[in-house]
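So the structure is just underneath, and the comments pick up after that.
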Amino acid sequence: MKIRVKIAKSEEEQQKGLMGVTDLPNDEGMLFDFGYRQNLSFWGMNTYIPLDIAFIQDNKIVRIDKIKPHSLVAVSSFIPCDAALEVNANFFLKNGIGENDTVKIDGEFLEFIK
């Protein structure tokens, strides 16, 4: 399965993320590519839609969690990761994607591999 992703690479893009977005197509997401491993933390401030987030280490999903709209509660990776992917809430469950699955980035597309 493939989805189209917007890649947030700059610090400004990473800080903004999906803030202000009111509609996200089911086959799209935002990939945060940090380029090196670090403990990651996200919240839902100024986010209008419920999201799932996958924390990724070396192209492998290591943790999946949820981000609630307007929530200031931090959602953390708990271990150093080099990327994170935000998609619509329940995306991973609906599509049978879970921890230990692999992701492959090809331009503006991200493929999930079992």
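Taking the accessible area of the chain, probe 1.4 Å, and keeping the other protein chains in place, the carbon and sulfur fraction comes to 50%. From the list (i) -0.44, -0.66; (ii) -0.35, -0.56; (iii) -0.79, -1.00, can you say which value of log10 I(q)/I(0) by the Debye sum over Cα atoms at q = 0.12, 0.15 Å⁻¹ was derived from the structure given? Looking at log10 I(q)/I(0) by the Debye sum over Cα atoms at q = 0.12, 0.15 Å⁻¹ for this model, the match is (ii). Between Ala8 and Leu31, Phe32, Asp33, the built amide H atoms are under 5 Å apart, and every one of these is 5 or more places off in sequence or on another chain.
Rounded, prolate or oblate for segment 1-46? Axes are the square roots of the Cα gyration tensor eigenvalues, ordered a ≥ b ≥ c, and the cut-off for rounded is a/c under 1.5.
oblate
Oblate is the label for segment 53-105, because the ratio a/c of its alpha-carbon gyration tensor axes (a ≥ b ≥ c) is 1.5 or higher and a/b is not greater than b/c. Can you give the local net charge around Lys94? Use residues other than it whose beta-carbon is closer than 12 angstrom to its beta-carbon, Lys and Arg +1, Asp and Glu -1. My count for the surroundings of Lys94 gives -2. Of Leu31, Leu72, Leu18, the residue with the greatest mean-square motion in the GNM of the chain, using alpha carbon springs below 10 Å, is Leu72. Annotation: lysines with alpha-carbon distance below 25 angstrom to Lys9 (same-chain offsets under eight excluded): Lys60, Lys66, Lys68, Lys104. In the context of the full set of protein chains, the chain has a per residue accessible area of 57 Å² (1.4 Å probe). Taking amide H atoms as placed 1.01 Å from N in the peptide plane, the amide H of Lys66 lies under 5 Å from those of Ile53, each 5 or more residues away in sequence or on another chain.
The values are calculated or read from the model by the stated rules, or taken from the named source; none is laboratory data. As the structure is a computational prediction, the values presented were derived from the model and not from experiment. Glycine gets a Cβ as well: all are built from the backbone with ideal geometry, and neighbour counts include every protein chain shown. Each accessible area value is taken on the protein alone, full model and side chains, heavy atoms only, with ligands, DNA and RNA left out. Shrake-Rupley method; radii C 1.70, N 1.55, O 1.52, S 1.80 Å.
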